[in-house]
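The values are calculated or read from the model by the stated rules, or taken from the named source; none is laboratory data. The structure presented is a predicted model; accordingly, all values stated were derived computationally and were not measured. Ideal geometry is used to build each Cβ from the backbone, glycine not excepted, and the neighbour counts take in all protein chains shown.
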Amino acid sequence: MPVDDKTPKWRHQLSLVDREEMAVEGVANLGSYDEREIVMETEQGMLIVKGEGLNIKNLNLEKGNITIEGTVKSITYDDEVRQKKGLLERLLK
């Protein structure tokens, strides 16, 4: 894949403060989110954040940043790239 001026060059990094506020850099796309799980595509693979009362405080996909508030219970990377599924495929999962 050729690199040009339009291709973002983000560095993937995350910080977690007291398991209550998480900042992630290098976010390419936001998948799904609710108060218990946030799924996002990063430069290092799919990132799944699980917890309670999760809320997206700030999201800027142009800069590749997201800030999450709530109680973080787990952070997991999934190296497999999830392909977008249709509604029927997601329901029959």
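The table that follows gives values for the structure above.
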quantity: G64 closer than 18 Å to V17 by Cβ and in contact with a strand residue (DSSP E or B) (Cβ under 7 Å, 6 or more places away or on another chain); calculated: no
quantity: All positions within the stretch 26-38 that are β-branched (V, I, T) and at pLDDT below 95; calculated: V27
quantity: Test for L30: is it over 19 Å from K73 (Cβ atoms), in a strand (DSSP E or B) and within 9 Å of the chain's Cα centre (by Cα); calculated: yes
quantity: Residues located in the stretch 62-80, provided they are exposed (fewer than 14 other Cβ atoms within 10 Å of the Cβ) and within 11 Å of E41 (Cα to Cα); calculated: Y77, D78, D79, E80
